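Quick notes on the structure that follows.
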Amino acid sequence: MRSGNEPVNARSPLRLRLGLAIWGLVFFGGAAAAFALADHPGWSALCAALFLVTVVDVGLVVRRIRQGPHYQPGRDVPPYDPDRG
């Protein structure tokens, strides 16, 4: 008996999100540096801000991955029972 309306074998695509976030780190870091060298401070600041947002996203994704496959979002969610799936 399931406790919610989620699919039986649902998995979060955290590794894909991590890969895209790492690509964002490379892209926005390079773009911020390129705009800074080209003397465009506004665009450089925008790319640097997006770089920082991406750093936070990478940190959150890595934290969720390290929590393992049975991550529970809160105390009100019952524990995962693989035998009842």
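The values are calculated or read from the model by the stated rules, or taken from the named source; none is laboratory data. If you're wondering where the values come from, they're calculated on a predicted model, not measured in any experiment. Virtual Cβ from ideal backbone geometry, glycine too; neighbours counted across all protein chains shown. Side chains are part of the model used for accessible areas, which takes the heavy atoms of the whole protein and leaves out ligands, DNA and RNA. Shrake-Rupley method; radii C 1.70, N 1.55, O 1.52, S 1.80 Å.
Going by the conditions given, is D39 at pLDDT 85 or above and part of a loop (DSSP other than H, G, I, E, B)? Can you show your working first?
Details: at pLDDT 85 or above: yes; part of a loop (DSSP other than H, G, I, E, B): yes.
Yes; evaluated as a whole, the condition is true for this residue.
Of the numbered conditions (1) touching a residue at least 24 places away in the same chain (Cβ under 8 Å); (2) open to solvent by 40 Å² or more (accessible area, probe 1.4 Å); (3) of a type in the set (S, T, N, Q), T54 fails exactly one; give the number of that condition.
T54 satisfies all of (1) touching a residue at least 24 places away in the same chain (Cβ under 8 Å); (2) open to solvent by 40 Å² or more (accessible area, probe 1.4 Å); (3) of a type in the set (S, T, N, Q) except (2).
Restricting to the range 66-79, name every residue that is at pLDDT below 85 and not small (G, A, S).
Q67, P69, H70, Y71, Q72, P73, R75, D76, V77, P78, P79
Would you confirm whether or not the range 54-63 contains a residue that is in a loop (DSSP other than H, G, I, E, B), out of contact with any strand residue (DSSP E or B) (no Cβ under 8 Å at 6 or more places or on another chain) and at pLDDT below 95?
Quick first cut of the range 54-63, residues in a loop (DSSP other than H, G, I, E, B) only: none.
Within the range 54-63, not a single residue is in a loop (DSSP other than H, G, I, E, B), out of contact with any strand residue (DSSP E or B) (no Cβ under 8 Å at 6 or more places or on another chain) and at pLDDT below 95.
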